[in-house]
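What follows draws every value from the coordinates through simple rules; no lab data is involved. This one's a predicted model, so the numbers in the text were calculated from it and none came from an experiment. Methodologically, a virtual Cβ is constructed for each residue, glycine included, from the backbone with ideal geometry; neighbour enumeration extends over all protein chains shown.
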Amino acid sequence: MLNPVAFKLGPISVHWYGIILGTAALIGLLLVIREGKRFKLQPEFFMDLLLIGVPSAIVAARIYYVAFQWENYKNNLSEIIAIWHGGIAIYGALIGAIIAALIYVRRKGYSFWRIADICAPGLIVGQMIGRWGNFVNQEAHGGPVSESFLRSTLHLPDWIVNQMNIEGIFYHPTFLYESVWNFVGLLLLFWLRRRPFLRAGELFMSYFIWYSLGRFFIEGLRTDSLDFTGPAWLASLLNGLWSPMSLLFGEAGTMTYGGNIRISQLLAVLIIIAAIIIIVLRRRMGYAKTKYSDPIEKIGGAPASANTSHS
């Protein structure tokens, strides 16, 4: 088993999880800066966006988690801020980051859709790398599987198989499934953003559609999903949509909190539907006239180059 602590600086333990997340954020930022230069946007613009977006994402991710687990926190309020005990949600992080970005970008005088498009590959590569923090911590995994499934069916190397052995039981490496899915999504976004038909905002929506599609199916394998008890017809619908996954990966993971609907699965379906509707409506109503490849100008009409250095 890998040691989650990378090294110590006196009494301070530096965890691999933090190093991996930091690396994910840095690589995502570099991708965004590189694409931003094509539109004559300063690197500092995206650095400031990251400095605002990351704390907002962490706070929102915690609020999201606590809100859906209020019964466990209402009598122990001090635990709400104890984020080091675990308990954050990626969709909450996205909500926080988007709200912060919307405010920041508008204050800078740019269209949110144009900047969001540039940031989309950075978001998905950050998630792709960040999932390996879950691997080190042996968390966010799926239900039990046989060792032969990992070695002979998935053909995984020993270092992954051994890390998926938790107290003598092997588990689905759902972190790996999501990481690979996001890698394919990154390649798709790279391809899409060079297509002449792509309009402003549509790369960002494509990111949400791709990520949510993968998250829906992968979430069904996990055993730590936030869940609730909802209508039987809705649970049956979600289970039916997920059922093809069982042909390749076996049974769904158990519901952690005794509900019948996984919140992330339901949200994933709603996001996919909403993103498709947004793309269609923006085109039909004439709000998507700007192409992805068009120069980025401030809302008042000033070109982005007016905000850049010429070094």
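Cβ-Cβ distances below 6 Å connect the following pairs, each with a first residue in the stretch 158-185 that is more than 25 Å from residue 124 (Cα to Cα), a second residue that is of a type in the set (Asp, Glu), and a separation of six or more residues or different chains: 170/147. Could you please let me know if residue 284 is surrounded by 14 or more Cβ atoms within 10 Å (Cβ to Cβ) and charged (D, E, K, R)? So residue 284 does not fit the description; no.
Could you list, in sequence order, all residues of the stretch 90-147 that are surrounded by fewer than 19 Cβ atoms within 10 Å (Cβ to Cβ), in a helix (DSSP H, G or I) and acidic (Asp, Glu)? Listed by number, the list holds a single entry, 147.
For the stretch 148-183, the set of residues classified as assigned to a helix (DSSP H, G or I) and of a type in the set (Gly, Ala, Ser) consists of 148, 152, 179, listed by residue number. Report yes if some residue within the stretch 11-20 is more than 30 Å from residue 161 (Cβ to Cβ), over 17 Å from the mean Cα position of the chain (by Cα) and without any contact (Cβ under 8 Å) to a residue 60 or more places away in the chain; otherwise report no. Checked the stretch 11-20: at least one residue is more than 30 Å from residue 161 (Cβ to Cβ), over 17 Å from the mean Cα position of the chain (by Cα) and without any contact (Cβ under 8 Å) to a residue 60 or more places away in the chain. Only one entry of 41, 30, 51 meets the criterion of being aliphatic (A, V, I, L, M), over 22 Å from the mean Cα position of the chain (by Cα) and either assigned to a loop (DSSP other than H, G, I, E, B) or surrounded by fewer than 17 Cβ atoms within 10 Å (Cβ to Cβ) (or both), and that entry is 41.
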